[in-house]
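K.L.:
Following this message is one structure expressed as structure tokens.
Bear in mind that the values in this text are calculations on the coordinates, not laboratory data. Predicted, not measured: the structure shown is a model, and the values here were computed from it. Positions of Cβ are generated from backbone atoms using ideal geometry, with glycine treated the same way; all protein chains shown enter the neighbour counts.
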Amino acid sequence: MSSAIPTDLSAYPVSIELPVMWGQMDAFGHVNNTVYFRYFESARIAYFDAMSMEALMARLKIGPILGETACRFRIPLQYPDVVTVGARVAAVDFERGQLQMHYAVFSRHHGGRAAAVGDGLIVPFSYADQQRAPLPDAWLDAIRAIEQDIS
């Protein structure tokens, strides 16, 4: 996965705001590392909503599966705060038939600085056949409607 993940919110065509909850903090007084993956998941689902993935899945019987994911922590988050989480498709691997997504978590309390960045590998999965599927052209069309520079 790529290490060049943007830390500018303008690089993310889909973003959501989430409150930092008191119960997300751990014994060390900052948001637990597992919570960042929930933030990424919420932004990923918002991206899929922007693609109308539910309708695509109903029509194609192919949906996204997270094949791998990673997170790089930059500054600790604490309650109270509000984060903006961005998601984007960074690359399409046509040969392997998969997508690479980037995510970033921006902290309002820290002046909009990136608290964490991450990426994920998205693989098309046939729920009918219970196996990996080819990358649907309809997914690419939906991504191109969201992204400016995906070929």
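K.L.:
State the label only: which of (1) 1.07; (2) 1.49; (3) 1.20 corresponds to Cα Rg over 2.2 N^0.38 Å computed from the shown model?
P.N.:
Read-out from the structure maps to (1).
K.L.:
Add -39500 (n - 2.57) for each DSSP H run of 4 or more in the chain, then divide by its residues: what number comes out at 222 nm, to the nearest 500 deg cm²/dmol?
P.N.:
Dividing the helical sum by the residues of the chain leaves -7500 deg cm²/dmol.
K.L.:
Something else now. Using the crude model of +1 on Lys and Arg Cβ and -1 on Asp and Glu Cβ, and no other charge, please compute the dipole size for the chain relative to its Cα centre, in debye to 20.
P.N.:
Taking the Cα centre of the chain as origin, the dipole is about 220 debye.
K.L.:
Now a separate question. Sort MET53, MET101 so the one with the fewest other Cβ atoms within 10 Å of its own Cβ comes first.
P.N.:
Taking fewest neighbouring Cβ atoms as first place, the list is MET53, MET101.
K.L.:
Over the Cα atoms, compute the radius of gyration (one decimal) and Dmax (the largest Cα-Cα distance, rounded to a whole number) for region 1-69, in Å.
P.N.:
Cα radius of gyration and Dmax of region 1-69 are 15.1, 47 Å respectively.
K.L.:
Pick out, in residue order, every one of the GluC sites (Glu not before Pro) in region 25-98 that is DSSP loop and has at most 11 other C-beta atoms within 10 Å; say none if there are none.
P.N.:
Sparse-neighbourhood loop GluC sites (Glu not before Pro): GLU95.
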